1. Quick one: in region 320-334, which of the residues that are out of contact with any Pro (no Cβ under 7 Å at 6 or more places or on another chain) and not in a loop (DSSP other than H, G, I, E, B) is least open to solvent (accessible area, probe 1.4 Å)?
2. When you scan region 195-215, how many residues do you find that are buried (at least 24 other Cβ atoms within 10 Å of the Cβ) and hydroxyl-bearing (Ser, Thr, Tyr)?
3. Show the residue pairs meeting these rules: Cβ distance below 9 Å; 6+ apart or different chains; first residue within region 260-272 and over 11 Å from LEU138 (Cα atoms); second residue open to solvent by less than 70 Å² (accessible area, probe 1.4 Å) and at pLDDT below 90.
4. Can you confirm whether region 84-94 contains a residue that is open to solvent by 70 Å² or more (accessible area, probe 1.4 Å) and farther than 25 Å from LEU131 by Cβ?
5. Taking the residues in region 125-180 that are in a helix (DSSP H, G or I) and among the hydroxyl-bearing types (Ser, Thr, Tyr) as candidates, determine which candidate is surrounded by the fewest Cβ atoms within 10 Å (Cβ to Cβ).
6. So which helices (runs of 4 or more DSSP H) stay within region 198-305 end to end and still have 1 or more residues that are over 14 Å from the mean Cα position of the chain (by Cα) and over 29 Å from THR79 (Cα atoms)?
7. Pick from region 417-452 the residues that are among the aliphatic types (A, V, I, L, M) and part of a loop (DSSP other than H, G, I, E, B): which of them is most open to solvent (accessible area, probe 1.4 Å)?
8. Can you tell me which residues in region 342-367 are of a type in the set (Val, Ile, Thr) and open to solvent by 50 Å² or more (accessible area, probe 1.4 Å)?
Amino acid sequence: PEDTVTSSFASFIHAARPEHLSKTVRHRSKRMILDSIGVGLVGSTTHVFDIALRYCRELFSPVAVSSVYGKPGVKLSPTLAAFTNGVATHSMDFDDTWHPATHPSGAVLPALLAASQMLPPATKPSGMDFLLAFNVGLEVQGRLMHFSTEAHDIPKRFHPPSVVGTMGSAAATAKLLSLSSAQCSHALGIAASLAGAPMANAATQAKPLHIGNATRLGFEAALLAARGMEANPFILDDIPGCSGFGAFYSVYHPKPLPPPGDCHEFLLEKQDIAFKRFPAHLGMHWVVDAALSVRNLFLHYAGSFSPALIRTIVLKIPVSKYINRPFPSSEHQARHSFQFNACAALLDGEVGLGSFTEGSIQRQELRELLDKVVVEHPEDNAANFDKMYGEVALLLHSGDVLTGKCDTFYGHWRKPLSKESLLKKFRSNASHVLPEEKVETIITMVDNLEKLPDSSQL
């Protein structure tokens, strides 16, 4: 659209020319430039500048030590490797999801993989060190989300992994680097200043950057804290008149995190994770299972799937604007469309990697099904991954109605994937870039991670 605030800004940026600047504007702005240069020059004598400069020299040097997913022989500086691998993790929206809603692993694992390769041989973390740091990163994310009732529902403002994921990455990396308690506090404070991304970029190519930035920036926060950078030591507290981490939530009630030990139970102990069977937003898994259920009824009813017999397709889904997309035109929109995923499941009897290619999205028969979709939002269908359901009803020209409903899809934390299903998914995904022997080596290594003497081998 050309008549939006954003488009007006874009138009201004594009159209601005030197001749548009008045004499007064040029004069005043030159004063500002001169002053800012002077401030920057004197600022180069400060301790905080020395920390930042030393950090950049070390981390963004030509020395590349950390591996990149799927690219044998390619290595990057540690934080850029974390960023790149984080983007890869969320590039298809195929990564795990927790409750309250976030993608916890992708925000932590790439940072730990890169950090383990960065450390000198004599200080390489063991597999157990790695596993502990990973769980510290998960725990911090989960605890922070539990501080806000707003976080329990499908998000509307900030993409959760860009918020809590950055904090989790900082915590995990700080643990792996054996930072002091004070340094861990500063790492969280620094990370809070690097966190946050808007939900408006969901269903675009920018969304995977949220995970990449979360794991990279949390990593950077820990590295900066290790080098002496300080931040507000009360960043997680709710202090009236001074917003800390609570700035990301309209309701925020933090509680102390109990010390590890006999009285502490990790959240992962009582809240399992959801693993996706196909590469799309988690909400899609409810409507796909509901669609497959009603498709089986239709096959029994008609003998084959004939779209011509269908007058209307009714989807009963929760209210969530960014995943209510009637006619997606790109793969990222399709991965975030209740309508598309329901119709793809009805038409093909499955949803998989191939469902989101341009050819699949633009199929005429699929578009004809999308034209028949009507969306309803029942009051009892909460926009909450623990409470929502998906229902797909086929209203036939004959007057008959066939209905499929799913309140817990296979892969949800209430209905976890079996070991066999998870291994099948891993082998299928990893085999796109690795030979079979390396795929199996990774499986064995992860399965025996506690016994691994050097986690950088992973």
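1. Ranking the qualifying residues of region 320-334, first place goes to ILE323.
2. 1
3. These pairs meet every condition: HIS264/PRO258; GLU265/PRO258.
4. Yes, the conditions are met somewhere in region 84-94.
5. Step by step, filter region 125-180, then rank; the result is THR149.
6. 267-270, 284-302
7. VAL433
8. Within region 342-367, THR357 is the sole residue that qualifies.
The values are calculated or read from the model by the stated rules, or taken from the named source; none is laboratory data. Predicted model, so just to flag it, every value in this text is computed and none were measured. Cβ atoms come from the backbone with ideal geometry, glycine included; neighbour counts cover every protein chain shown. Surface accessibility is based on the protein's heavy atoms, side chains included, excluding ligands, DNA and RNA. Shrake-Rupley method; radii C 1.70, N 1.55, O 1.52, S 1.80 Å.
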